[in-house]
Amino acid sequence: MLSSNFLIPPDENVYSGKTLAELCCNSLKDFNPMVHVSVEKGDLSSFDVEFLSKFDVVVVSCCTLSAKKLANGKCRKLSKRVAFYAVDCRDSCGEIFVDLQDYKYSKKKQDETVECDLKYPSFEDALSVPWRALHRRMSKLYYAMRVIEKFEEAEGRSTGEVSIADFSGLLKLKKEICTAQSLNESQVPDSLLKRLVTNATEFPPVCAIIGGILGQEVIKAISGKGDPLKNFFFFDAFDGKGIIEDISPK
């Protein structure tokens, strides 16, 4: 994490007793002199609905499966619409999830402006879609990310706390999940899982790509202009491809 974050000072003496957010705060202030930047201490799960009501957009990263579901659920309980994004980077791969709830926006079509309406599922509802119901060319990263998340949750690990030593356990869990989901195990390649856990740390160039795309999507959500991403984005530096998948209950 520290090696992939250019916002953190290179002086290790400043690390002691500080959270990642605190380490990044001063650099963010320098980059955004016209913006109020502050740090709120505490575990994400401890922040209540009222706290999240202060924001128009909530972005969470490096969170456990349950933390993402909880934060997204709290955003949906608010009387106003709060855009929610969950982002993860593992090795040379990245994933973005988007929930804009009931979202209205405008886009230009030839010489006129067209009003559009999209309905997004929550993170929990999206993950509830049976794998056998997804199209045959679904991004394999989607399946691999879910297997690793489930493994971390079952083992009581924090996000990214996996290594090659866990590979046999991951393969066992993959088999169990694929059997339960009636999905051919080849859709979750062993080679992809191995790559994601062998180098579980974030890869800076991938963080930059994912961060750039995420930033564009946040601007779209705030401005209400342009086609937003719905509802998953996957990137793998191995082949250089970025893929958008709409995973929504029917």
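The values are calculated or read from the model by the stated rules, or taken from the named source; none is laboratory data. Small disclaimer: the values here were computed from a predicted structure and weren't measured. Don't worry about glycine lacking a Cβ; one is built from the backbone with ideal geometry, like all the others, and counts go over all protein chains shown.
For segment 59-114, give me the residue count where each residue is under 27 Å from Ser158 (Cβ atoms), touching a residue at least 40 places away in the same chain (Cβ under 8 Å) and of a type in the set (S, T, N, Q).
Number of matching residues: 4.
Return the only residue of Tyr143, Tyr120 being surrounded by 13 or more Cβ atoms within 10 Å (Cβ to Cβ), in contact with an Asp or Glu (Cβ under 9 Å, 6 or more places away or on another chain) and not polar (S, T, N, Q).
Checking each option against the conditions leaves just Tyr120.
If we keep just the residues of segment 142-159 that are of a type in the set (A, V, I, L, M, F, W, C) and either in contact with a strand residue (DSSP E or B) (Cβ under 6 Å, 6 or more places away or on another chain) or touching a residue at least 24 places away in the same chain (Cβ under 8 Å) (or both), which is nearest to Ile96 (Cα to Cα)?
Within segment 142-159, the subset of a type in the set (A, V, I, L, M, F, W, C) is 144-145, 147-148, 151, 154.
Within this subset, residues satisfying the condition of being either in contact with a strand residue (DSSP E or B) (Cβ under 6 Å, 6 or more places away or on another chain) or touching a residue at least 24 places away in the same chain (Cβ under 8 Å) (or both) are 144-145, 147-148.
Working: Ala144: 14, Met145: 11, Val147: 16, Ile148: 16 Å.
Ranking the candidates gives Met145 first.
Go over the candidates Leu7, Leu20, Leu28 one by one and state the one that is surrounded by 13 or more Cβ atoms within 10 Å (Cβ to Cβ), at pLDDT 90 or above and closer than 29 Å to Ser92 by Cβ.
That would be Leu28, the only listed residue that is surrounded by 13 or more Cβ atoms within 10 Å (Cβ to Cβ), at pLDDT 90 or above and closer than 29 Å to Ser92 by Cβ.
Being surrounded by 14 or more Cβ atoms within 10 Å (Cβ to Cβ), modelled with pLDDT under 95, under 20 Å from Phe234 (Cα atoms) and touching a helix residue (DSSP H, G or I) at 6+ places or on another chain (Cβ under 8 Å) is true for just one of Val197, Val188. Which residue is that?
Matching residue, one of Val197, Val188: Val197.
Within the bounds of segment 35-56, is there any residue that is under 18 Å from Ala221 (Cβ atoms) and crowded, with 16+ Cβ neighbours inside 10 Å? Lay out the reasoning, then the answer.
Within segment 35-56, the subset under 18 Å from Ala221 (Cβ atoms) is 35, 52-56.
So of that shortlist, the ones also crowded, with 16+ Cβ neighbours inside 10 Å come out as 52.
Yes: one or more hits.
Within segment 115-135, is even one residue within 30 Å of Leu170 (Cβ to Cβ) and either free of Cβ contacts under 8 Å to residues at least 12 places away in the same chain or touching a His at 6+ places or on another chain (Cβ under 6 Å) (or both)?
Yes, segment 115-135 contains a residue that is within 30 Å of Leu170 (Cβ to Cβ) and either free of Cβ contacts under 8 Å to residues at least 12 places away in the same chain or touching a His at 6+ places or on another chain (Cβ under 6 Å) (or both).
Scan Ser186, Ser223 and give me the residue that is in contact with a strand residue (DSSP E or B) (Cβ under 9 Å, 6 or more places away or on another chain), free of Cβ contacts under 8 Å to residues at least 24 places away in the same chain and hydroxyl-bearing (Ser, Thr, Tyr).
Just one listed residue meets the conditions, Ser223.
Mind counting the residues in segment 151-161 that are crowded, with 17+ Cβ neighbours inside 10 Å and at pLDDT 95 or above?
Residues meeting the conditions: 2.
For Lys77, work out the one condition from (1) over 23 Å from Met145 (Cα atoms); (2) under 11 Å from the mean Cα position of the chain (by Cα) it doesn't fulfil.
(2)
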